[in-house]
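For reference, the structure discussed in these notes is given below.
The values are calculated or read from the model by the stated rules, or taken from the named source; none is laboratory data. Computed from a prediction, not measured in an experiment: that's the story for all the values here. Counting neighbours? That spans all protein chains shown, and the Cβs are built from the backbone with ideal geometry, glycine included. All accessible areas refer to the heavy atoms of the entire protein, side chains included, with ligands and DNA or RNA removed. Shrake-Rupley method; radii C 1.70, N 1.55, O 1.52, S 1.80 Å.
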Amino acid sequence: IITLSDLECDYINARSCCSKLNKWVVPEVIGHAVVTVLMLISLHWFIFLLNLPVATWNIYRYIMVPSGNMGVFDPTEIHNRGQLKSHMKEAMIKLGFHLLCFFMYLYRLVSKMAPK
């Protein structure tokens, strides 16, 4: 979010912004897919179903990168067609999702460790 807002305010150029963001796309896809599969294996159905759409969206976004683009974030197209605003909105939604998941995991951990 900070990198995208820096680009929006012209503190950094589009090429450096996109290279910073693109280096985290593959680890994000792999990490989210691993967490989703682990939730399926451990039979946490609600959390699995909550993570499945986000993992699917990350994989779809990574696969559908047009040929010739630098990655999911492309410096030649980020200012065109409102992509910067859509990337900002997506980053905010993901931040909210990850905060929700963090507190759900924390609650689950504490409730499992509490004496009965």
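Surface composition of the range 1-113: carbon and sulfur make up 72 percent of the accessible area, probe 1.4 Å. With respect to the chain, whose longest principal axis is taken over its alpha-carbon atoms, helix 83-113 is tilted by about 20°. Per-residue extension of 0.36 nm, minus the Cα-Cα distance of TYR105 and LEU52, leaves a gain of 17.5 nm for this segment.
Between 0 and 90 degrees, the angle of helix 45-63 with respect to the longest Cα principal axis of the chain falls at about 20 degrees. For the range 1-83, chymotrypsin sites (Phe, Trp or Tyr not before Pro) are listed when DSSP marks them as loop and at most 12 other Cβ atoms sit within 10 Å of their Cβ; the list is TYR11.
Run the helix sum for the chain: -39,500 (n - 2.57) per DSSP H stretch of 4+ residues, divided by residue count, reported at 222 nm to the nearest 500 deg cm²/dmol.
On the way: 5 runs with 83 residues, N = 116.
The helix-only estimate for the chain comes to -24000 deg cm²/dmol at 222 nm.
For the chain, the alpha carbon positions stretch 57, 28, 20 Å along the principal axes, listed from largest to smallest. Converting phi to 3J(HN,Hα) with the Karplus coefficients 6.51, -1.76 and 1.60 and the offset θ = phi - 60°, the range 24-30 yields 9, 5, 5, x, 5, 4, 5 Hz in sequence order, with x at every glycine or proline. Were the residues from LEU43 through GLU77 laid out at 0.36 nm apart, the gain over their Cα-Cα distance would be 8.1 nm. Pairs of Cα atoms nearer than 8 Å and 6+ residues apart set the relative contact order; for the range 1-113 it is 32 percent.
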